[in-house]
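Worksheet for the structure shown next.
The values are calculated or read from the model by the stated rules, or taken from the named source; none is laboratory data. Please read these numbers as outputs of a predicted model, since none were measured by experiment. Every residue, glycine as well, gets a Cβ built from its backbone with ideal geometry; the counts of neighbours run over all protein chains shown. For accessibility, only protein heavy atoms count, side chains too; no ligands or nucleic acids. Shrake-Rupley method; radii C 1.70, N 1.55, O 1.52, S 1.80 Å.
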Amino acid sequence: KVAYGESNESVAAFQQSLKDAGYFAEKPTGFFGDKTKASLVAFEADMGITGSGTHLSDVTSVYLQATIEVKKREPKLGLINKESTRSDILNAQRLLRGLGYYRGRTNGAYDGYLFDAILSLQKEYKLVGDASSPGAGPIGPLTRGIVVSLWRKSRIDALATKMIELNQVKRLLADRGLLLDTFVAKGESGDSVRALQSFLASAGYFPQDKIN
């Protein structure tokens with residue numbers, strides 16, 4: 001059980017997950033007290049999850065897993081200006097395109113399209129007033145922090161959503177008695193093969209109309 005006031009190994013594992021996600025600075029103790037509650041409240045607020053901070057919900061658990069996974073793949077975004085290398089600019093263009101700001105060609109050039117994309121983000125987050133403001137255009141430390149934060153949140157949301165959907169499929173298959181719980185091999189048939197095909201189809205790896 002992972003809830004406020006509880007003390008057990010599950011709480012210690014939960015605290016370690018919060019620590020791995022960057023939200024718990026203490027050494028895991030296994031006791032769910034005020035510091036753990038504050039960390040949970042902060043995490044749920046950042047993820048946009050409605051919660052009281054008094055217990056670990058299924059949704060929060062999935063988002064914690066997703067956050068830890070995404071942290072392993074943080075983008076390497078350097079400071080970007082007209083003197084930046086082509087590879088660094090290409091990386092910035094891809095990141096900004098993925099976030100919906102950049103609409104130019106992915107060409108590694110610091111051009112007007114990239115300037116406008118960066119400026120649009122900077123204005124949205126109140127870093128600059130207009131194109132003539134100091135710091136407008138290049139990606140400095142503050143702008144970089146926002147880009148990385150936005151990238152991280154978008155990837156966490158996408159991964160968590162996929163994990164929740166797969167868990168729902170697994171529960172549905174279990175309710176229907178079709179949860180795959182044995183080894184299957186080429187040439188075999190039966191409910192276990194159907195369960196495998198259904199699971200793969202739900203994840204987009206097998207045609208739905210070929211389940212047989």
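Okay, here's what the table says:
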| read-out | value |
| --- | --- |
| Count of the range 132-163 residues which are closer than 23 Å to Asp46 by Cα and hydroxyl-bearing (Ser, Thr, Tyr) | 4 |
| Odd one out for Thr36, checked against (1) free of Cβ contacts under 8 Å to residues at least 40 places away in the same chain; (2) surrounded by 15 or more Cβ atoms within 10 Å (Cβ to Cβ); (3) under 29 Å from Glu124 (Cα atoms) | (3) |
| Test for Leu99: is it of a type in the set (A, V, I, L, M) and either more than 28 Å from Lys19 (Cβ to Cβ) or within 15 Å of the chain's Cα centre (by Cα) (or both) | yes |
| Residue within the range 5-23 that is touching a strand residue (DSSP E or B) at 6+ places or on another chain (Cβ under 6 Å), β-branched (Val, Ile, Thr) and open to solvent by less than 50 Å² (accessible area, probe 1.4 Å) present | no |
| Test for Lys162: is it assigned to a loop (DSSP other than H, G, I, E, B), at negative phi, at pLDDT 85 or above and open to solvent by 70 Å² or more (accessible area, probe 1.4 Å) | no |
| Selection from the range 1-36 of residues that are farther than 16 Å from Leu64 by Cβ and assigned to a helix (DSSP H, G or I) | Glu9, Asp34, Lys35 |
| Residue match in the range 23-32 (condition: among the small types (Gly, Ala, Ser) and more than 27 Å from Leu142 (Cβ to Cβ)) | yes |
| Condition broken by Val169, with the remaining ones in (1) of a type in the set (Val, Ile, Thr); (2) over 25 Å from the mean Cα position of the chain (by Cα); (3) surrounded by fewer than 17 Cβ atoms within 10 Å (Cβ to Cβ) satisfied | (2) |
| Meets criteria (modelled with pLDDT of 95 or more and either of a type in the set (A, V, I, L, M) or out of contact with any Phe, Trp or Tyr (no Cβ under 6 Å at 6 or more places or on another chain) (or both)) for Thr36 | yes |
| Selection status of Arg73, over 16 Å from the mean Cα position of the chain (by Cα), basic (Lys, Arg) and closer than 19 Å to Arg144 by Cβ | no |
| Ala136 vs. criteria farther than 21 Å from Asp88 by Cα and of a type in the set (A, V, I, L, M) | no |
| Residue list for the range 16-33, filter: touching a helix residue (DSSP H, G or I) at 6+ places or on another chain (Cβ under 6 Å) and in contact (Cβ under 8 Å) with a residue 24 or more places away in the chain | Ser17, Leu18, Asp20, Ala21, Phe32 |
